[in-house]
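What follows is a short report on a single structure.
The values are calculated or read from the model by the stated rules, or taken from the named source; none is laboratory data. Just so it is clear, the model here is predicted, and its values are computed rather than measured. Positions of Cβ are backbone-derived with ideal geometry, glycine not excepted, and every protein chain shown enters the neighbour counts. Surface accessibility is based on the protein's heavy atoms, side chains included, excluding ligands, DNA and RNA. Shrake-Rupley method; radii C 1.70, N 1.55, O 1.52, S 1.80 Å.
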Amino acid sequence: MRADALRNRESVLAAAGRLFDAATDPDQVSMDDIAAAAGVGKGTLFRRFGDRIGLIRALYEQRGLRLRDALAVSPTRPAAEQAVDLLRAMLRFKLDNRVLTLALESAGGGSPYRNEAYDHWHAVLTGLVAEARGPQTADYLAHALLAAVRSDLVEHLRDWPEDRWHEGLNALVGSVLGDGGLSTCTSRSPVM
């Protein structure tokens, strides 16, 4: 990518990030708003990202890389503990990026099941479930665990205190992967 194209891309993603962070609803952020805030023409957005959901995906993926880097699977830690850490970190990420994740997960072609980040986390959880209880139902159970941190549910329950979320995630993971002391776990979720 040419240097000016890379600068434009970064400028657009930074502007989109600021607008989504300031918005209370995903529909408040238009391509016109993003182009104006980035100081580029609207055509640049469409050439670079294809459409609004393409831009939203790019911003989500950019921000999600920090989460991915912070949550590497460890062969020395119990699978249930790692699953709880992953779900807590995803919850924190979705609370911190509320409007952006709502925009991604509620857009028609942007289904939460149709993006690279979902595929990655599903694969990680499938491996953890398979480790804890065998591969037979691991694929389905990983989808069920991820449903616990879908952005529409996080939005619905966003006024809950974090310890209530943690208790629920501990109970869910404990019932799926085996308790392994999760009910009293003060897991080490990375700070996002």
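Given the residues ASP27, ASP32, ASP21, which is the only one that is of a type in the set (D, E, K, R), open to solvent by 70 Å² or more (accessible area, probe 1.4 Å) and under 22 Å from ARG114 (Cα atoms)?
ASP27
Name the single residue that is least open to solvent (accessible area, probe 1.4 Å) among those in the stretch 138-152 being touching a Lys or Arg at 6+ places or on another chain (Cβ under 9 Å) and either without any contact (Cβ under 8 Å) to a residue 60 or more places away in the chain or at positive phi (or both).
The qualifying residue least open to solvent (accessible area, probe 1.4 Å) is SER151.
Of the conditions (1) open to solvent by less than 80 Å² (accessible area, probe 1.4 Å); (2) modelled with pLDDT under 90, MET1 fails just one. Which one is it?
For MET1, the failing item is (1).
For the stretch 121-137, what are the residues that are open to solvent by 60 Å² or more (accessible area, probe 1.4 Å) and part of a helix (DSSP H, G or I)?
ALA123, GLU131, ARG133
Suppose the filter is at pLDDT below 95 and under 21 Å from TYR60 (Cα atoms); does PRO112 pass it?
yes
Given the conditions (1) open to solvent by 30 Å² or more (accessible area, probe 1.4 Å); (2) modelled with pLDDT of 90 or more; (3) part of a helix (DSSP H, G or I); (4) farther than 21 Å from THR126 by Cβ, and given that SER175 satisfies all but one, which numbered condition is not satisfied?
Of the numbered conditions (1) open to solvent by 30 Å² or more (accessible area, probe 1.4 Å); (2) modelled with pLDDT of 90 or more; (3) part of a helix (DSSP H, G or I); (4) farther than 21 Å from THR126 by Cβ, the odd one out for SER175 is (4).
Give me the residue from the stretch 62-86 that is open to solvent by 50 Å² or more (accessible area, probe 1.4 Å), without any contact (Cβ under 8 Å) to a residue 60 or more places away in the chain and assigned to a helix (DSSP H, G or I) and, out of that set, farthest from ALA123 (Cα to Cα).
GLN62
So, in the stretch 10-57, how many residues would count as being of a type in the set (D, E, K, R), part of a helix (DSSP H, G or I) and touching a residue at least 40 places away in the same chain (Cβ under 8 Å)?
Looking only at that region, the number is 4.
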